[in-house]
Amino acid sequence: MIFRQRPEKFELVLLHYLHARMEFSYEEGVTYTNLVKGYEGELKSDGWLRGLTDEWLVLNDLLLEYNGSKFQIDTLIIAYERIYLLDVKNFEGDHSIKEDKWYTPAGKPEKNPLHQLERCETLLRRLLHDLGFHFPIESYLIFINPEFHLYTTSIHPAIIFPTQLNRFLKKLNTRPVKLNKKHYQLAQQLVDHHQEESPYTRLPEYSYEKLKKGITCPKHCKTFFLDESLICKECRDVEAVEAAVLRSVKEFTLLFPDKKITTTDIYDWCGGIKSKKAIRRILSKHFKLVGHRTSAHYV
Ligand SMILES: [Zn+2]
């Protein structure tokens, strides 16, 4: 049973908006791509875990803290007699390990994910201990991408390769015993300890003035509509005016939570592609006008 659903990554939503409207530096681009790939991997892993017995409790995407140290858990499974800690990796290509160091397919050093996993397990064990739970923890690195390979001379029991995913699930599904109240209490306590992180802290620096104005295609291409027909020149998708303007208002308010919604600002944000009259009509239909003259804005 899914006890905690994986939430939509709000930080990624904001990054998609920004990516369409500004140039990312090389590092910002890498961070963005990694986040997108990581999230895709987590969703793929969630799909794979649908094959899990309903008896176990699954908690996704927890940000916990022990003694001032934060740690993030992709998936935690509470089974009858133990807890499984899964760190999902969407790595692709031929990675390698030489003398305990990990290397990317390009031969560049990368963070050893086994070390991250150990850290996470240690902190979780301490937290559980403080909460009064003493279940053994088994931690695994789940490599979800079938295009992943690891050159290594040793056996790493904590690593689950794509070809082992089915067998691993079978192992988890053996001996399903009904959970008791204590397991549910633990699940609830962990959810209560989850911390929300502001999605704004790690975004690239941006300002209203520097972002490209206009209405982007709602489809994956994110191309800007060129004229008021709202037909995408890339994917030929057409969007109704009202939907397009409301979507742009949502983008505007999420990127600039402190800014007020006014006809002039939304007109500008949409790149002047629709008349002020049209914008005003849509805003007054869906929002309430407060204040008057220069302070008038929609809520
Ligand atoms: Zn498009």
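Counting other Cβ atoms within 10 Å of each Cβ, which GluC sites (Glu not before Pro) in region 195-243 have at most 11 and sit in a DSSP loop? Each step should come with its number before you reach the end.
Values: sites: Glu196, Glu197, Glu205, Glu209, Glu228, Glu234, Glu239, Glu242; in loops: Glu196, Glu197, Glu205, Glu209, Glu228, Glu234, Glu239.
Sites meeting the loop and neighbour criteria: Glu196, Glu205, Glu209.
Most simply put, the chain has about 60% antiparallel DSSP beta bridges, counting only bridges with both residues inside it. At 10 °C and a viscosity of 1.306 mPa s, what translational diffusion coefficient does Stokes-Einstein give for the chain, taking Rh as the Kirkwood radius over Cα pairs? Give it in µm²/s as a whole number. Diffusion coefficient, whole number: 71 µm²/s. To the nearest ten degrees, helix 113-131 and the longest principal axis of the Cα atoms of the chain are 80 degrees apart.
Can you tell me the order of 115-127, 52-64 when each peptide is scored by its average per-residue count of other Cβ atoms within 10 angstrom, highest first? Numbers along the way, then the final one.
On the way: 115-127: 16.5, 52-64: 18.1.
Taking the mean over residues of other Cβ atoms within 10 Å, the ranking is 52-64, 115-127.
Neighbours of Ile144, meaning other residues whose beta-carbon lies under 12 angstrom from its beta-carbon, give a summed charge of -4 when Lys and Arg score +1 and Asp and Glu score -1.
May I ask you to list the chymotrypsin sites (Phe, Trp or Tyr not before Pro) in region 137-208 that are in a DSSP loop and have at most 16 other Cβ atoms within 10 Å of their Cβ? Provide the component values of the computation, followed by the final result.
Details: sites: Tyr140, Phe143, Phe148, Tyr151, Phe168, Tyr184, Tyr200, Tyr206, Tyr208; in loops: Tyr200, Tyr206, Tyr208.
When the chymotrypsin sites (Phe, Trp or Tyr not before Pro) of region 137-208 are filtered for loop state and at most 16 Cβ neighbours within 10 Å, Tyr200, Tyr206, Tyr208 remain.
Counting each DSSP H run of 4 or more residues in the chain as -39500 (n - 2.57), what helix-only mean residue ellipticity at 222 nm follows after dividing by all residues, to the nearest 500 deg cm²/dmol?
Numbers: 8 runs with 109 residues, N = 299.
Counting only the DSSP helices, I get -11500 deg cm²/dmol.
At 1.4 Å probe radius, can you tell me the per residue accessible area of region 207-298 in Å²?
About 59 Å² of surface per residue is accessible.
Could you size up the charge dipole of region 1-140 around its Cα centre, putting +1 on the beta carbon of Lys and Arg and -1 on that of Asp and Glu, and report it in debye to the nearest 20? Present the calculation step by step, with values, prior to reporting the outcome.
Working: 17 positive and 24 negative charges, 21 e Å.
So the magnitude is around 100 debye.
Summing +1 for each Lys or Arg and -1 for each Asp or Glu, what net charge is found among the other residues whose Cβ lies under 11 Å from the Cβ of Asn60? Residues close to Asn60 contribute a combined charge of -2. Rounded to whole numbers, the Karplus 3J(HN,Hα) couplings from phi for region 61-70 are 6, 10, 10, 10, 9, 10, 6, x, 9, 8 Hz, using 6.51 cos²θ - 1.76 cosθ + 1.60 with θ = phi - 60°, and x at Gly and Pro. Think of each Lys and Arg Cβ as +1 and each Asp and Glu Cβ as -1; about the Cα centre, that makes the dipole of the chain roughly 980 debye.
Count the net charge of all other residues whose Cβ sits under 15 Å from the Cβ of Ala79, scoring Lys and Arg as +1 and Asp and Glu as -1. Show your work: numbers first, answer last.
Working: positive: Arg82, Lys170, Lys171, Arg175, Lys178, Lys182; negative: Asp54, Glu55, Glu81, Glu138.
Once positives and negatives cancel, what remains is +2.
About its Cα centre, the dipole of region 39-90 is roughly 120 debye, where the only charges are +1 on Lys and Arg Cβ and -1 on Asp and Glu Cβ.
Give me the percent of the accessible area of the chain that comes from carbon and sulfur atoms, probe 1.4 Å, all protein chains in place. Display every interim value, and only then the final one.
On the way: 8800 of 16910 Å².
For the chain, the apolar C and S fraction of the accessible surface comes to 52 percent.
Under the combined filter of DSSP loop state and at most 14 neighbouring Cβ atoms within 10 Å, region 244-283 retains these trypsin sites (Lys or Arg not before Pro): Lys259, Lys260.
Report Rg(Cα)/(2.2 N^0.38 Å) for region 207-298, keeping two decimals.
Working: Rg = 13.1 Å, N = 92, 2.2 N^0.38 = 12.3 Å.
Scaled against compact globular proteins, the figure is 1.07.
From the alpha carbon centroid of region 127-204 to that of region 217-289 is 41 Å.
The values are calculated or read from the model by the stated rules, or taken from the named source; none is laboratory data. From a predicted model like this one, the values you see are computed outputs, not experimental measurements. Please note: Cβ atoms are built from the backbone with ideal geometry, for glycine as well, and neighbour counts cover all protein chains shown. Quick note on the areas: whole protein, heavy atoms, side chains included, nothing else; ligands and nucleic acids left out. Shrake-Rupley method; radii C 1.70, N 1.55, O 1.52, S 1.80 Å.
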